[in-house]
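Everything below concerns the one structure shown next.
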Amino acid sequence: MSGTADHPLLGDALGILDDLVAFPSVALTPNVDLIGWVVDRLDGVASDVRLSHDPTGTKANLFATIGPAVDGGIMLAGHSDVVPVDPGDWTTPPFEADHCDGRVYGRGTADMKGFVACVLAHAPRWAALDLERPIHVALTYDEEDGFHGAPVLIESLSDAPRPAAAIVGEPTGLQVIGAHKGCYEYTTTVTGMDGHSSRPAEAVSAVHHATRWIGELLGLAGDLAERAPAGSRFKPAHTTTNVGTIAGGMARCTVAPGCSFEWEMRPVQGSDAGFVKTRMAEVEERLLAEMRTVHPGAGFVTEVVCEIDGLEWDEDSPAIALMRSLLGGDPEVGVVAYGTEAGLYQTAGIPSVVWGPGDIGVAHRPDEYVEVADLAACLSILGRLPGHLAAG
Ligand SMILES: [Zn+2]
């Protein structure tokens with residue numbers, strides 16, 4: 001390591017990253033070993049560590065405080081889980097960090113254990129300082145499968161010191177990201193009643209009613225385009241919907257008794273999600289009234305797969321102000337298409353940005369890696385944090 005890829009804590013961060021990668025913390029599998037390892041590292045470093053668990057107790061979120069337990073600190077947030085691997089697709093074993101050509105290869109190196117390693121490398125030094133406001137370390141479970149951990153973490157923080165801002169260290173190539181769309185995903189199942197196709201009025205076609213419902217959903221496109229916030233930075237600028245799969249029916253000559261479809265919306269603002277839900281509830285009520293004149297058991301059931309809040313653009317966000325002051329100058333603040341936990345934190349009242357080492361383009365793929373130079377740069381920027389926490 002030489003040139004730009006250098007920082008006094010780089011060796012520590014790389015060692016920590018090796019250890020983190022060695023935990024095969026695939027989403028939906030237990031992560032308590034990894035969290036326990038982090039708790040051990042923070043022993044004597046954090047002034048407070050609180051864990052919150054999933055109902056099985058095999059998965060945990062961590063929220064640690066370094067410095068005084070007061071409001072106004074900075075939260076450095078990551079997720080502990082990674083996406084699954086097919087080891088056959090990898091050049092080297094995915095859960096063994098491989099250092100090669102200025103990069104560290106391994107599942108999670110970019111998304112997002114590299115950032116977590118940088119934070120943990122700094123933690124002992126931060127603890128030795130006389131911080132007036134705290135630095136918090138947040139680590140969640142099951143982010144990669146519908147963001148299950150973050151809401152539990154947020155719930156557990158009701159009596160915790162309230163951070164003034166959060167940096168969510170997803171791999172942005174160290175570009176500041178100030179906004180992303182939300183992602184709301186659903187499965188809707190329509191129950192009708194079968195019958196002979198020659199006598200459709202004596203049956204209730206689930207397929208026909210599903211397509212009418214879908215037609216109404218797609219018909220909202222114009223309204224959603226009109227609702228686009230002025231100066232929206234997204235492409236497209238407005239909330240979109242998509243029906244991704246549909247399945248139903250039995251045969252050409254039979255009225256379909258059942259149909260289900262998977263759909264989503266990508267809201268640019270929380271109010272759009274409410275708008276779509278309200279309108280579709282009205283549609284559903286109208287369709288159901290018709291369906292139930294023939295078959296009282298007819299119905300629509302919509303299951304929520306996930307409802308991930310977007311990170312809404314806020315020019316006056318304290319989190320963006322923090323990044324501007326950490327980075328100096330007038331760094332460009334971008335928007336991205338993918339979802340992160342930053343939207344959930346913002347909704348919970350913690351202004352957030354997304355900023356971290358690594359390239360989202362290599363995340364979720366075989367031979368995922370992070371550049372060592374990115375880790376060194378991340379360490380250097382994080383090293384400026386205490387300077388922002390010394391005075392009130
Ligand atoms: Zn991630």
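Bear in mind these aren't lab numbers, they're just calculated from the coordinates by the rules spelled out. The structure presented is a predicted model; accordingly, all values stated were derived computationally and were not measured. When we count neighbours, we look across all protein chains shown, and the Cβ atoms used for this are built from the backbone with ideal geometry, even at glycine.
In table form, for the structure just shown:
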| quantity | calculated |
| --- | --- |
| Karplus-derived HN-Hα couplings along region 76-91 (A = 6.51, B = -1.76, C = 1.60, θ = phi - 60°), whole Hz, x at Gly and Pro | 9, 10, x, 10, 8, 8, 10, 7, x, 10, 10, x, x, 7, 9, 6 |
| Mean residue ellipticity (222 nm) of the chain, computed from DSSP H runs ≥ 4 via -39,500 (n - 2.57), nearest 500 | -9500 deg cm²/dmol |
| Fraction of antiparallel bridges per DSSP, the chain only, in percent to nearest 5 | 75 |
| Amide H contacts under 5 Å for residue 174, placed H, 5+ residues apart | 356, 358 |
| ³J(HN,Hα) computed for each position of region 147-161 - Karplus, 6.51 cos²θ - 1.76 cosθ + 1.60, integer Hz, glycine/proline x | 6, 6, x, 4, x, 5, 4, 4, 4, 6, 9, 4, 10, 9, x |
| Per-residue ³J(HN,Hα) for region 48-65, Karplus 6.51 cos²θ - 1.76 cosθ + 1.60, θ = phi - 60°, Hz, x for Gly and Pro | 7, 10, 10, 10, 10, 10, 7, x, 7, x, 8, 10, 9, 9, 10, 9, 10, 10 |
| Cut-off under 5 Å, modelled amide H: who pairs with residue 165 long-range | 75 |
| Amide proton proximity set for residue 308, modelled H, under 5 Å, gap of 5+ | 183, 184, 185 |
| Kirkwood Rh, angstrom, the chain [1 / mean 1/r, Cα pairs] | 22.8 |
| Residues 355, 126 arranged by fewest to most Cβ contacts within 10 Å | 126, 355 |
